[in-house]
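Reading through the structure tokens given below for one structure.
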Amino acid sequence: MGGAFDLSGRNAVVTGANTGLGQAIAVALAEAGAGIVAVGRSDMSETGDRVRALGRPFRAVTADLSSLEPVARVVAEAETAGRPDILVNNAGIIRRADALDFSEADWDAVMDVNLKSVFFLSQAFARRMLADERGGRIINIASLLSFQGGIRIPSYTASKSGLAGLTRLLACEWAGRGINVNAIAPGYFITNNTEALRADPERSGQILGRIPAGHWGDPRDLGGAAVFLASPAASYIHGIVLPVDGGWLAR
Ligand code: NAD
């Protein structure tokens with residue numbers, strides 16, 4: 001990796017980086033040269049080992065993003081590892097139930113992590129990125145449910161559709177000030193998030209049958225898109241939601 005895709009000397013903050021897509025993104029950004037600050041509520045040691053094995057600095061910041069309480073502290077602790085250049089809003093949750101039975105608790109829990117915290121974390125990091133006028137990159141992890149309705153996941157679909165809109169709004173406000181805000185929409189990947197789907201033979205078969213690539217995504221399939229959007233190669237790209245979905249949306 002080099003040139004237009006080189007992230008040497010950059011610092012990337014990745015939320016929910018202990019596992020799944022967040023871990024794969026953190027490792028890919030580290031492979032491209034970035035130091036990593038991993039933010040989340042779980043043990044980050046596996047991701048830390050993989051980042052350090054690549055010779056990149058790693059720091060873990062413990063934070064439960066279901067409320068705004070840790071936001072200021074996350075920025076302050078992230079800064080001790082160096083100027084935050086890249087923020088990846090990856091942490092997210094899903095709750096499944098029929099729309100007729102869906103509870104207020106499941107609505108609020110998903111919206112708080114997937115949308116509210118993403119906005120206020122982005123605001124806090126953007127203030128820091130704008131303070132020295134060096135700009136930065138914000139990458140939101142959206143979903144196919146940013147484009148489609150889905151079934152039995154009302155708050156998830158609302159949050160990810162909202163996140164696509166928020167990505168565009170922030171891009172409009174900050175593009176001229178040096179911050180690129182974009183999103184990635186992963187298709188169906190093998191992570192904890194899709195465990196229930198993969199355990200259901202009927203749903204799992206329906207999904208697989210619709211993926212032109214013919215297989216579920218491996219988290220490693222996602223890292224390149226994050227590196228691209230974080231890199232100088234994407235400096236004129238603002239407000240897009242980039243699907244990485246094995247062709248699902250093309251179908
Ligand atoms: P995952 O469940 O393996 O990972 C979710 C991450 O978010 C974990 O690190 C978890 O600790 C963190 N997290 C959840 N609640 C948190 C909280 N309150 N505070 C701090 N961290 C919290 O699932 P994943 O598939 O790796 O999901 C990562 C992102 O990708 C999510 O935003 C998800 O919606 C999105 N996504 C996943 C898929 C897929 O197929 N797996 C598809 C589309 C979008």
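The numbered conditions (1) more than 23 Å from F120 (Cα to Cα); (2) surrounded by 15 or more Cβ atoms within 10 Å (Cβ to Cβ); (3) within 14 Å of the ligand (Cβ to nearest atom) are all true for S45 except (2).
The residues on offer are R73, R83, and the sole one that is without any contact (Cβ under 8 Å) to a residue 60 or more places away in the chain, more than 12 Å from the ligand (Cβ to nearest atom) and among the charged types (D, E, K, R) is R73.
Of everything in the stretch 16-41 that is over 12 Å from T62 (Cβ atoms) and assigned to a strand (DSSP E or B), the residue that is farthest from the ligand (Cβ to nearest atom) is G35. For the stretch 157-213, a residue qualifies if it is of a type in the set (D, E, K, R) and closer than 16 Å to F125 by Cβ, and the qualifying residues are E173, R177. Among the conditions (1) within 24 Å of E133 (Cβ to Cβ); (2) loosely packed, with under 15 Cβ neighbours inside 10 Å; (3) under 17 Å from the mean Cα position of the chain (by Cα), the only one that L87 does not satisfy is (2).
For the stretch 114-143, filtered to residues that are touching a Gly at 6+ places or on another chain (Cβ under 6 Å) and under 18 Å from P186 (Cβ atoms), the residue that is least open to solvent (accessible area, probe 1.4 Å) is N114. Considering only residues in the stretch 229-251 that are closer than 24 Å to I190 by Cα and not aliphatic (A, V, I, L, M), the one that is modelled with the lowest pLDDT turns out to be R251.
Here's the yes/no breakdown for (1) crowded, with 17+ Cβ neighbours inside 10 Å; (2) more than 10 Å from the ligand (Cβ to nearest atom):
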site	(1), (2)
I179	yes, yes
P186	yes, no
A196	no, yes
A213	no, yes
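Pairs linking a residue in the stretch 104-132 that is in a helix (DSSP H, G or I) to a residue that is polar (S, T, N, Q) and open to solvent by 40 Å² or more (accessible area, probe 1.4 Å), with Cβ atoms under 6 Å and 6 or more positions apart or on different chains, are D112/S66; V113/S66. Just one of the numbered conditions (1) away from the ligand (no atom under 16 Å from the Cβ); (2) out of contact with any strand residue (DSSP E or B) (no Cβ under 9 Å at 6 or more places or on another chain); (3) of a type outside the set (V, I, T); (4) open to solvent by less than 20 Å² (accessible area, probe 1.4 Å) is not true of A234: (2). Among the residues here, N192 qualifies as more than 20 Å from G149 (Cβ to Cβ), of a type in the set (S, T, N, Q) and open to solvent by 50 Å² or more (accessible area, probe 1.4 Å).
The values are calculated or read from the model by the stated rules, or taken from the named source; none is laboratory data. Owing to the predicted nature of the structure, the values given are computational and were not obtained by experimental measurement. Because the Cβ atoms are built from the backbone with ideal geometry, glycine has one as well, and the counts that use them run over all protein chains shown. Only protein heavy atoms, including side chains, enter the accessible area calculation; ligands, DNA and RNA are left aside. Shrake-Rupley method; radii C 1.70, N 1.55, O 1.52, S 1.80 Å.
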